[in-house]
């Protein structure tokens, strides 16, 4: 098998995936805003926190590869914080807010 | 190469598909859940050559999926690469215990995925072209006389607690070395005269003996956290991951006691007079990535040095049937 790589093909493919990631960013941003509001409700907060972790986990897995390293790093921090503790503290909220802002940047940059 | 990729994030699947297709891997099956993947495995009469699994997925995660896939006999030696954002040591350990061959951390570099898949492609092609060296015990008749190639083959002893393939052990160390190897130690175990003793034996008898010694190592290490692998011939390498102290003399004594209790015999009833020796442990906390790749070789060399000393020639004389554990 030939291992020659046509990087223009990769670039074309990445452009398509980036477009899909940008579309998904809008959905994820909207969902994160809802989930953050649920963190104030003691009964809804645990499930909301788990879902916030899952969304950030997915963002952390793809963002850097698609050219958004800051978003990926921020999402990884949120994912790690939720993985380490289920306590909602101001630092976590600031980091989630940072991710939400960067998701908006992805949509405006597409 | 026929690839099965599983991730619950469709964006990752699309990204992987693009990354793989562009270097010529076009025979792809993409699944969004472990259950879909298991269906694909059951429905495909020609097995996949390579599996790429995410870890964190709902219902059944990638570690459980790897464990389930390994139960299919045709997937006993198939490379399983975890592509995951789970970078904790505990996840890496669980993945390799479940049968993972390699581990790529997300976000991945496209070049890294290409490089790893090319290595796997080479291994898959080599395995297909040279079935004599395939560790799956279906390619040669068990009654065939053991050959030099058989002695050189690293047998996959994944049915024995703690044992993984040698290449998987190398990959495990490379992955863990990116975080911390602090407290980890590698040591070799050599059964002197294995090749000379078994040169006229059947493949089955030799492989059964390798399995027996691996069982003895596993049994003697049962109170520890470790990975071990067969390194070919009568050689094994072990990596202690729990950071606790290790005295090779004490362990060798314990291992020899275990072997005596196993009461090993050849198929014709002769008692087996081989005893393993243990090399000094190699501390791994200061190893670089390159050093990590060499540490297994160093551990084996240390055990070979012990094996070459006259004191290593020990004899057991008790009687009983040869334990035929191969194939478990």
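Throughout, read-outs are computed from the coordinates displayed, never taken from laboratory work. Remember, it's a predicted structure, so these values are computed and weren't measured experimentally. Heads up, the Cβs are rebuilt from the backbone with ideal geometry, glycines too, and the neighbour counts pull from every protein chain shown.
Inside region B:1-51, can you point out the residues that are within 13 Å of chain A (Cβ to nearest Cβ), part of a helix (DSSP H, G or I), touching a strand residue (DSSP E or B) at 6+ places or on another chain (Cβ under 9 Å) and crowded, with 21+ Cβ neighbours inside 10 Å?
Scanning region B:1-51 gives B:12, B:16, B:20.
Would you confirm whether any residue within region B:64-81 is under 17 Å from the mean Cα position of the chain (by Cα), within 14 Å of chain A (Cβ to nearest Cβ) and crowded, with 21+ Cβ neighbours inside 10 Å?
Within region B:64-81, not a single residue is under 17 Å from the mean Cα position of the chain (by Cα), within 14 Å of chain A (Cβ to nearest Cβ) and crowded, with 21+ Cβ neighbours inside 10 Å.
Is it the case that residue A:105 is surrounded by fewer than 20 Cβ atoms within 10 Å (Cβ to Cβ) and either assigned to a helix (DSSP H, G or I) or touching a residue at least 40 places away in the same chain (Cβ under 8 Å) (or both)?
Working: surrounded by fewer than 20 Cβ atoms within 10 Å (Cβ to Cβ): yes; either assigned to a helix (DSSP H, G or I) or touching a residue at least 40 places away in the same chain (Cβ under 8 Å) (or both): yes.
The answer is yes for residue A:105.
For region B:179-234, give me the residue count where each residue is part of a strand (DSSP E or B) and under 19 Å from the mean Cα position of the chain (by Cα).
11
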